[in-house]
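Chemist: Take this structure, written in structure tokens, and hold onto it; I'll ask about it next.
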Amino acid sequence: MTSPFRTPEGGRIDRSATVEFTFDGQVLRGHPGDTLASALLANGRHQVATSVKFGRPRGIAAAWAEDPGGLVQIEEPFPEPMLLATTVELYDGLAASGLPGQGRLADVPDSARYDAVHSHVDVLVVGAGPAGLAAALTASRSGARVALVDEQSEAGGALLGTDDELDGAPAVDWVAAAVAELAATPDVLHLQRTTAFGLYDDGFVLALERRTDHLGAAAPKHVSRQRVWRIRARSVVVATGAHERPVVFADNDRPGTMLAGAARTFLHRYGVLPGREAVVFTTNDSAYDAALDLFRAGVRVQAVVDARPEGSPQRRAECEGAGIRVLSGAVVTGTQGVERVTHALVAPFLDGEVGAGSAIACDLLLVSGGWNPAVHLFSQARGRLRYDATLGAFLPGEELDGVAVAGSAAGVPDLAGCLADGQRVARAALGVPAVPSAADDRLPTAPEPVVPTAPLVLWRVPDPSGAEGSTSFVDLQRDATVADIARAVGAGLRSIEHVKRYTTIGTAHDQGKTSGVLTSGIVAELLGVPVQDTGTTTFRPPYTPVAFAALAGRDRGRLFDPERVTALHEWHVAAGAVFEDVGQWKRPRHYPRPGEDMEAAVLRECAAARTGVGILDGSTLGKIDVQGPDAAVLLDRLYTNLMSSLKVGSVRYGVMCGVDGMVIDDGTVLRLAEDRFLVLTTTGGAAKVLDWMEEWIQTEWPDLRVHCTSVTEQWCTFPVVGPRSRDVVGAVFPGVDVSNEAFPFMTWRDTTLDGVPVRLARISFSGELAYEVYVNPWYAVAVWQRLLDAGRPHGITPYGTETMHVLRAEKGYPIIGQDTDGTVTPHDLGMAWAVSKKKPDFVGKRSFARPENHNPLRKHLVGLLPVDRQTVLPEGSQIVEYRTDGRLPAPPVPMLGHVTSSYRSAELARPFALALVKGGRERIGETVHVPVDGTLVPVEVTGSVLVDPEGARRDG
Amino acid sequence: MQLIACPWCGPREEVEFSYGGQAHVPYPDSPAELSDEEWAHYVFFRDNPKGRFAERWNHSAGCRRWFNAIRDTATYRFERVYRLDDPKPVTP
Ligand SMILES: [Zn+2]
């Protein structure tokens, strides 16, 4: 079955094949090579949707991404909202529906894959029209590495929508030859269906390649649906063409109203007649081509309405020779019709005044108000624009390093000029002579351009209806009119950016491709200022909408951020661990037994470590190997306490501060040799501390002979913790005397296990007798298993980070970053003992002498015990004074501090918390309040060490 | 995304670098001898010019070396990079 508006022949569609699709529930047919828009038009369907605010019928008004009218939602094969019928390529089984300005997100997961590719080139050419192809050919013939990207399904640009000739043959033949030549050149990357949507610094361009969208259900599953090309180019040639601009008049939004050039494209590229009876309204010569082409294809052209007083004498003669009536000095003032234009209202136009008009019957109203060069990418690169009063358009107004604009994007009007411009710009980009030097580097000959009659710059036709432009649409997608702009200007807005935000013009799907410059012109008119002064709104990426899924690429789900796991990860999984994220690490949080929730599991794990023996995978602990004759000097300068006095074989706890005297990390340091230390950091602080050391070494103390490297992943670490830990470690490492005398607290010993080196350290983060076992990750599972086997008689219990936190909090050991926040000194933490008074200086020392550091109302780390022995205070809760009436005082309520850590304690048989409290150490024994869920919970302030304050347990 | 020329690695993507604030602010020789105000100037006070600024940068996801750069804070352009042991360039 032939579609009623399909031409009998011609176009770049495959007429031998038929594609069946559904639109708004109606089954229709088209051909491969169609867009959804061209197929709808071929079936006589102009209206696609209704408008967002007024519900007015809207149709296809352009042939590509500048269309403000034809918004659709794809329903099948995968739901996708807010696409343009003009840019959706037709495929079998496509089901779509028109959208009233707003789409619906899919409610099923997107099964497609998205990807990213990097590319580095000498020259990136954006746009494969005549200028872009000429530029790409010139660059590739010079031996440069070239990328050519173009948003359409095939190369050719504007040539696809004309019957232009080159070298006496159809111009599309030259396009095919050029594409073939580029394909045969190894250093050329040529991508169609690829939109360069953002131009950034230093020749960095993001381009979206749509790889399978046009294949529908036939898309191969192994190919990513879309991918983002991240192209770095020495030079970027912007050959993005121009967008035709409408003229605004009353009821200019009725379906059947279309840009003149778009009608040519539908005819020549898709073999579609957009109507039977056309009126052509223009301010320039270009629309005459549309009138003549459609006439030759059998459309009755009722009139060419030319706003210029004299029209174009030359084009007028051509039309009249074909029997087409030309009305010069006339305008279209409005339309009639409901779902489709039925009449154009035409009136004389002289000196800005509209005369008495008449209605001309038509089902197609073509409009041309001139052409806006597509300067988006140039402007994104912060290129300044210049207003050209003759063209009524903004053109590139300066030369940019590494970015050149060619062809109609630079305002070049004709085919021959575009070809030459593309070549010139490519040569300039490559720094080769401007005169063609090689015979084989010639460009095809275009017909001698006809010198056009100067266009008339006309933004809008006065509304003769008395409605003051309230149906004269500037931005069809936003339903914004001339009246809206007048209201904005009337409200005192002068800046085009303010008018944009007040009227919402240019903020929709098309980002003002047709409405932007019109708005500048109309605002300038209303304000009585030159358009140059009004300027345009800022062009920002993306040039056309890009799906978030494409930007995310593969960086989603598990690949969003790298996952770090320890050598024991599989063991943890098999043991049923519940994991938590600690930075990028996956750490077991607890190991619930059947029927246990976290609270029960943690109480059990805590009890095991305090009364028997527990074991933790502490491999994520940061480890830095510090080597060199000046290693001790470095550590003395960076830690608040003295490290140089540490004996080989011993371990010391240390605190690091910033120059402001605030704690940035803490941990233990093992002296391995006179010139070698192993610095242990918090899991989260590992990278930061290494960076900190490097920064000081490189920027302040380059004379120090010291080197640092991360060995976090070179050592697995298992703290074996609890009164029975000595039995377990002694059994696994019989060569080590684990007695307190031979192996005292805060020392380390090296040993071997079946020839594998193992380091043991008496370090305790729980207050219990404990041995940390260090081993190469290759042997981690084996050593861990031996420890478990040896511990079985003692009920050894693997525990996770939650238990680790409870145990350390019971001992008042702070977690830097949880119990501190960058405003906390060692003294605030009650760690004055860890601050050396002997050292003349260390980082942070001078700040301790600042008066504020001696303010008695500084916040101190203290313990809190809820008096009801029940409430687990939410971490982050505020702390307020005790009130006998149990009510909050009137706001602003004076805050004393906040809860930093809070847990249920098996050992204490009650919940407890750590908190930063103003003058906290002076308040020990007092009762304060913590508001929890609207009630005030009384809590007793205690010292920060709640379990074994005398430290009796660490030696077992 | 800008390219930043690491003095050791050449031009690399800006995401490989991290910022280190104003350059040529040395750690005082004898902090203990400074007044609170002088010390506070070292710890807290930095210039914030519009235009050329001598800054510290770190090629943190590359060679991990620190270097200095003259950068225009209004245009973001790096005018030159130099090593820590190079003197501060005289800018017009
Ligand atoms: Zn580097």
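The values are calculated or read from the model by the stated rules, or taken from the named source; none is laboratory data. Everything numeric in this text was worked out from a predicted model, so none of it was measured. As a convention, Cβ positions derive from the backbone with ideal geometry for all residues, glycine included, and neighbour counts pool all protein chains shown. These accessible areas exclude ligands, DNA and RNA; they are computed on the full protein's heavy atoms, side chains included. Shrake-Rupley method; radii C 1.70, N 1.55, O 1.52, S 1.80 Å.
Chemist: Looking only at the range A:689-726, how many residues end up being of a type in the set (F, W, Y) and either at positive phi or within 13 Å of chain B (Cβ to nearest Cβ) (or both)?
Modeler: 3
Chemist: So, one more: Filter the range A:558-613 down to residues that are among the aromatic types (F, W, Y) and open to solvent by 40 Å² or more (accessible area, probe 1.4 Å) and give me whichever is farthest from the chain's Cα centre (by Cα).
Modeler: The extreme case among them is A:W571.
Chemist: Right, here's the next one. Looking at A:R382, A:R386, which one is in a strand (DSSP E or B), closer than 28 Å to A:V123 by Cβ and out of contact with any His (no Cβ under 8 Å at 6 or more places or on another chain)?
Modeler: A:R386
Chemist: Another question, then. Restricting to the range B:1-40, count the residues that are more than 10 Å from every other protein chain (Cβ to nearest Cβ), within 27 Å of A:W229 (Cβ to Cβ) and among the small types (G, A, S).
Modeler: 2
Chemist: Does the range A:536-544 include one or more residues that are open to solvent by less than 30 Å² (accessible area, probe 1.4 Å) and touching a Pro at 6+ places or on another chain (Cβ under 8 Å)?
Modeler: So far as the range A:536-544 goes, no, none of its residues is open to solvent by less than 30 Å² (accessible area, probe 1.4 Å) and touching a Pro at 6+ places or on another chain (Cβ under 8 Å).
Chemist: Now for a separate question. Taking the range A:786-832, which residues are out of contact with any Cys (no Cβ under 9 Å at 6 or more places or on another chain) and among the aromatic types (F, W, Y)?
Modeler: Across the range A:786-832, the qualifying residue is only A:Y813.
Chemist: Sort out which residues of the range B:7-36 are surrounded by fewer than 17 Cβ atoms within 10 Å (Cβ to Cβ), within 16 Å of the ligand (Cβ to nearest atom), within 15 Å of B:R83 (Cα to Cα) and touching a residue at least 40 places away in the same chain (Cβ under 8 Å), and write them in order of number.
Modeler: B:W8, B:C9
Chemist: Related question: Consider the range A:624-679. How many of its residues are polar (S, T, N, Q) and surrounded by 21 or more Cβ atoms within 10 Å (Cβ to Cβ)?
Modeler: Qualifying residue count, the range A:624-679: 2.
Chemist: Are any residues in the range A:189-200 open to solvent by 20 Å² or more (accessible area, probe 1.4 Å) and either at pLDDT below 95 or assigned to a strand (DSSP E or B) (or both), and if so, which ones?
Modeler: Answer for the range A:189-200, where residues must be open to solvent by 20 Å² or more (accessible area, probe 1.4 Å) and either at pLDDT below 95 or assigned to a strand (DSSP E or B) (or both): A:L189, A:H190.
The rows are residues; the columns are (1) buried (at least 16 other Cβ atoms within 10 Å of the Cβ); (2) of a type in the set (S, T, Y).
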{"position": "A:L430", "(1), (2)": "yes, no"}
{"position": "A:P447", "(1), (2)": "no, no"}
{"position": "A:T453", "(1), (2)": "yes, yes"}
{"position": "A:L456", "(1), (2)": "yes, no"}
{"position": "A:S472", "(1), (2)": "yes, yes"}
{"position": "A:R478", "(1), (2)": "yes, no"}
{"position": "A:G506", "(1), (2)": "yes, no"}
{"position": "A:T534", "(1), (2)": "yes, yes"}
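Chemist: A further question follows. Step by step: first the residues of the range B:37-54, then only those that are more than 30 Å from A:N853 (Cβ to Cβ) and open to solvent by less than 90 Å² (accessible area, probe 1.4 Å), then the one that is nearest to the ligand (Cβ to nearest atom). Which residue is that?
Modeler: Out of the qualifying residues, it is B:A54.
Chemist: Ok, one more. Determine whether A:R846 is away from every other protein chain (no Cβ under 14 Å) and open to solvent by 20 Å² or more (accessible area, probe 1.4 Å).
Modeler: no
Chemist: Moving to a separate point now. List the pairs whose first member sits in the range A:511-534 and is farther than 24 Å from A:G241 by Cα, whose second member is among the charged types (D, E, K, R) and assigned to a loop (DSSP other than H, G, I, E, B), and whose Cβ atoms are under 9 Å apart, counting only residues at least 6 apart or on separate chains?
Modeler: These pairs meet every condition: A:V523/A:R494; A:L527/A:R494; A:V529/A:R494.
Chemist: Go through the range A:354-368 and report how many residues are farther than 21 Å from A:D289 by Cβ and either in contact (Cβ under 8 Å) with a residue 24 or more places away in the chain or open to solvent by less than 40 Å² (accessible area, probe 1.4 Å) (or both).
Modeler: Matching residues across the range A:354-368 total 4.
Chemist: Another one. How do the strands (runs of 3 or more DSSP E) wholly within the range A:259-342 filter down when requiring 2 or more residues that are open to solvent by less than 20 Å² (accessible area, probe 1.4 Å) and at pLDDT 95 or above: which remain?
Modeler: Output list reads A:277-282, A:300-306, A:330-337.
Chemist: Right, here's the next one. How many residues does the range A:914-927 contain that are open to solvent by less than 20 Å² (accessible area, probe 1.4 Å) and in contact (Cβ under 8 Å) with a residue 60 or more places away in the chain?
Modeler: The total comes to 4.
Chemist: Go through the residues of the range B:55-67 one by one and say whether even a single one is of a type in the set (K, R) and away from the ligand (no atom under 16 Å from the Cβ).
Modeler: Scanning the range B:55-67 turns up no residue that is of a type in the set (K, R) and away from the ligand (no atom under 16 Å from the Cβ).
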